[in-house]
Amino acid sequence: MRAMLCKAFGPIDDLALEEMPSAALAAGEVRIKVAACGVNFPDVLIVEGKYQFKPDRPFAPGGEVSGTVAEVGADVTGFKVGDAVMATTLWGGFAEEVVTTPDRLLRRPPTMDETTAAGFALTYGTSYHALVQRAAIQPGETLLVLGAAGGVGVAAIQIAKALGARVIAAAGSADKLAFAREQGADEVVNYTEDGYRDRLKELTGGRGVDVIYDPVGGDLMDPSLRSMAWNGRYLVVGFASGEIPKIPANLTLLKGCAVVGVFWGQFRRNEPQVEAENFRRLFELHAEDRIKPVISQTFPLAQARDALAVLAGRKVKGKIVLTV
Ligand SMILES: NC(=O)c1ccc[n+]([C@@H]2O[C@H](COP(=O)([O-])OP(=O)(O)OC[C@H]3O[C@@H](n4cnc5c(N)ncnc54)[C@H](OP(=O)(O)O)[C@@H]3O)[C@@H](O)[C@H]2O)c1
């Protein structure tokens with residue numbers, strides 16, 4: 001099989017498409033013939049050796065795929081050869097096949113095509129968990145989404161709207177803000193321009209926002225936290241800016257707010273039943289057309305480097321998917 005391999009941690013340009021033997025299948029494992037693979041920010045980090053997981057080299061990046069079950073190992077129940085599935089694999093997805101375990105699989109609903117399914121689980125799973133379990137967002141509350149035109153940002157806008165919240169989308173350019181509006185945002189604000197806090201104040205009648213969804217971090221945290229309403233929840237989702245901000249503890253006191261961490265992968269492992277219910281609801285919302293994943297670009301597997309460069313260059317709106 002062919003795979004886009006990382007042989008040593010380093011720049012994404014060093015990835016190489018190579019033939020390699022299929023991995024042996026152990027008991028309890030499932031082999032998936034990959035149809036498509038979602039491209040996510042952690043794929044860049046894992047290749048550069050900056051992610052919380054550091055796989056043995058060589059490995060293929062690629063944290064989520066859609067495809068068909070090609071082989072099941074001994075002791076596997078619940079899945080059989082030919083099943084249409086989607087899987088979150090941490091890595092290994094930029095390849096023609098991937099071996100994983102059944103707890104990482106979801107059945108692909110017939111209402112979702114393979115390309116959409118490859119880019120769905122990680123972003124929508126994260127944003128649903130963040131807004132529902134971590135923030136307990138309520139209808140009528142105001143949500144500020146940072147990095148709103150990116151993968152998890154778009155999912156957060158659409159889910160929050162489906163849950164009855166008012167959404168302020170924040171991003172770094174006019175075309176990303178226009179795109180965020182198309183995803184359902186009620187208001188938009190450019191966080192690279194002066195007057196970011198004033199605009200948030202104006203949009204909330206001086207009250208501040210109830211929930212902040214932050215996958216960007218860096219310098220954005222301080223002014224955003226200062227724009228929080230009483231009893232607010234600040235969701236720490238990621239650090240796409242490359243910088244982990246320090247939290248001014250006095251602000252949490254003054255605002256009476258909570259800073260809440262979101263770690264979807266660990267949540268899945270710790271609370272699989274809650275997670276299964278989340279996806280039941282997400283698939284329902286998708287079938288009802290109330291959430292609409294946006295795959296803005298697809299690339300063939302051989303061009304995975306280009307796909308990662310677009311993502312790292314801050315040029316993606318919605319999601320990129322590799323077709324295999
Ligand atoms: N906690 C979890 O469980 C979890 C799960 C999934 C993802 N994440 C994390 O969430 C973050 C976003 O992931 P994603 O897939 O949504 O990424 P993405 O599609 O690339 O979106 C990230 C957004 O961040 C903004 N950004 C600001 N500074 C940036 C920089 N220096 N480089 C790149 N982007 C920058 C960009 O918007 P502007 O250009 O508009 O500023 C971009 O749209 C990542 O850090 C990822 O690791 C966390």
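The values are calculated or read from the model by the stated rules, or taken from the named source; none is laboratory data. Every value quoted in this text rests on a predicted model; they were computed, and no experiment measured them. Quick reminder, even Gly has a Cβ in these numbers, built from the backbone with ideal geometry, and neighbours come from all protein chains shown. Side chains included, ligands, DNA and RNA excluded: accessible areas come from the protein's heavy atoms. Shrake-Rupley method; radii C 1.70, N 1.55, O 1.52, S 1.80 Å.
Scanning the range 173-195 for residues that are farther than 24 Å from Val132 by Cα and open to solvent by 30 Å² or more (accessible area, probe 1.4 Å) gives Ser173, Ala174, Asp175, Lys176, Ala178, Tyr191, Thr192, Glu193, Asp194, Gly195.
The single condition among (1) on the phi > 0 side of the Ramachandran plot; (2) within 13 Å of the ligand (Cβ to nearest atom) that Gly49 does not satisfy is (2). Restricted to the range 111-149, and to residues there that are β-branched (Val, Ile, Thr), more than 13 Å from the ligand (Cβ to nearest atom) and not in a loop (DSSP other than H, G, I, E, B), the residue that is farthest from the chain's Cα centre (by Cα) is Thr142.
A Cβ distance below 7 Å, combined with a sequence gap of six or more or placement on separate chains, defines the contacts here; from the range 258-274, residues that are more than 13 Å from the ligand (Cβ to nearest atom) reach residues that are part of a helix (DSSP H, G or I) in the pairs Val259/Thr252; Pro272/Asp103; Val274/Gln133. Of the residues making up the range 249-285, those that are open to solvent by less than 30 Å² (accessible area, probe 1.4 Å) and either under 30 Å from Thr116 (Cβ atoms) or of a type outside the set (A, V, I, L, M, F, W, C) (or both) are Gly256, Val260, Val262, Trp264, Gly265, Phe267, Glu275, Asn278, Phe279, Leu282, Leu285.
Candidates in the range 286-304 are the residues that are of a type outside the set (Ser, Thr, Tyr) and within 16 Å of the ligand (Cβ to nearest atom); of these, the one that is most open to solvent (accessible area, probe 1.4 Å) is Gln297. Candidates are the residues of the range 23-33 that are of a type in the set (A, V, I, L, M) and either assigned to a strand (DSSP E or B) or open to solvent by less than 30 Å² (accessible area, probe 1.4 Å) (or both); the one that is farthest from Phe120 (Cα to Cα) is Val30.
Quick grid of which residues meet (1) assigned by TED's automatic domain parsing to the domain that holds Leu106; (2) in contact (Cβ under 8 Å) with a residue 24 or more places away in the chain; (3) in contact with a helix residue (DSSP H, G or I) (Cβ under 7 Å, 6 or more places away or on another chain); (4) surrounded by 15 or more Cβ atoms within 10 Å (Cβ to Cβ):
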{"residue": "Cys6", "(1), (2), (3), (4)": "yes, yes, yes, yes"}
{"residue": "Ile12", "(1), (2), (3), (4)": "yes, yes, yes, yes"}
{"residue": "Leu15", "(1), (2), (3), (4)": "yes, yes, yes, yes"}
{"residue": "Ala35", "(1), (2), (3), (4)": "yes, yes, yes, yes"}
{"residue": "Gly49", "(1), (2), (3), (4)": "yes, yes, no, no"}
{"residue": "Asp56", "(1), (2), (3), (4)": "yes, no, no, no"}
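Looking only at the range 305-320, residues that are touching a residue at least 60 places away in the same chain (Cβ under 8 Å), more than 15 Å from Val152 (Cβ to Cβ) and within 15 Å of the ligand (Cβ to nearest atom) come to 4 in all.
Residue under question is Val152, and the condition is that it be part of a helix (DSSP H, G or I), within 13 Å of the ligand (Cβ to nearest atom) and crowded, with 18+ Cβ neighbours inside 10 Å; does it hold? Write out each step before concluding.
Numbers: part of a helix (DSSP H, G or I): yes; within 13 Å of the ligand (Cβ to nearest atom): yes; crowded, with 18+ Cβ neighbours inside 10 Å: yes.
Here the answer is yes, as Val152 does meet what is asked.
Within the range 130-141, can you find the residues that are in contact with a helix residue (DSSP H, G or I) (Cβ under 8 Å, 6 or more places away or on another chain) and open to solvent by 10 Å² or more (accessible area, probe 1.4 Å)? Scanning the range 130-141 gives Val132, Gln133, Ile137. Scanning the range 131-166 for residues that are closer than 16 Å to Arg181 by Cβ and of a type in the set (Lys, Arg) yields Lys161, Arg166.
Evaluating Asn278 against the criteria (1) out of contact with any Leu (no Cβ under 9 Å at 6 or more places or on another chain); (2) assigned by TED's automatic domain parsing to the domain that holds Lys33; (3) within 14 Å of the ligand (Cβ to nearest atom) leaves one unmet condition, (2).
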